[in-house]
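Peer 1: Before I ask anything, here is the structure I am working with.
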Amino acid sequence: MKSTSLSDGDAAAVSELDRYRRARVSVADAEAAHRAELLEWLVGRVSAAAPLDQVQYAAVARECDAANPDEPSLLDELFAAVEGDAFEAAA
């Protein structure tokens, strides 16, 4: 079984390579990667969605904003990413 940098603390305890991999990945890096994946997922869904469904995806982004008030607005990033492309519901 292949160990990943965030998955196995036991492997990091016994393997120098796993300890090095684990030390290179910060929580901030992992959160930024997750946020980028979430934004990419939302943009893909909004681009293919009907206007009413676009509102629901915007609501998901808004919920993320409410849960993370210290972060930049995911809803603003979503609007910027699809501006002029597919956000018919916003018009």
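Peer 1: Mind listing the phi-derived Karplus ³J(HN,Hα) values for segment 38-51, rounded to whole Hz, using 6.51, -1.76 and 1.60 with θ = phi - 60°, and x for any glycine or proline?
Peer 2: Values, residue by residue: 4, 5, 4, 5, 4, 4, x, 5, 5, 4, 9, 8, 6, x Hz.
Peer 1: Let me ask another. Just to check, using Stokes-Einstein with a Kirkwood Rh over alpha carbon pairs, what's the diffusion coefficient of segment 27-90 at 25 °C and 0.890 mPa s in µm²/s?
Peer 2: Working: Rh = 11.9 Å.
Estimated via Stokes-Einstein, D reaches 207 µm²/s.
Peer 1: Sort 54-62, 35-43, 69-77 by the packing proxy (mean of other Cβ within 10 Å over each peptide's residues), most packed first.
Peer 2: Details: 54-62: 16.9, 35-43: 14.8, 69-77: 13.2.
Averaged packing, sorted descending, gives the order 54-62, 35-43, 69-77.
Peer 1: Quick one: length gained pulling Glu63 to Ser47 fully straight, 0.36 nm per residue minus the C-alpha distance?
Peer 2: That pair, Glu63 and Ser47, stretches by 3.8 nm at full extension.
Values in this text are rule-based calculations from the coordinates and carry no lab data. It should be emphasised that the depicted structure is a prediction, and the values quoted were computed from it without experimental measurement. When we count neighbours, we look across all protein chains shown, and the Cβ atoms used for this are built from the backbone with ideal geometry, even at glycine.
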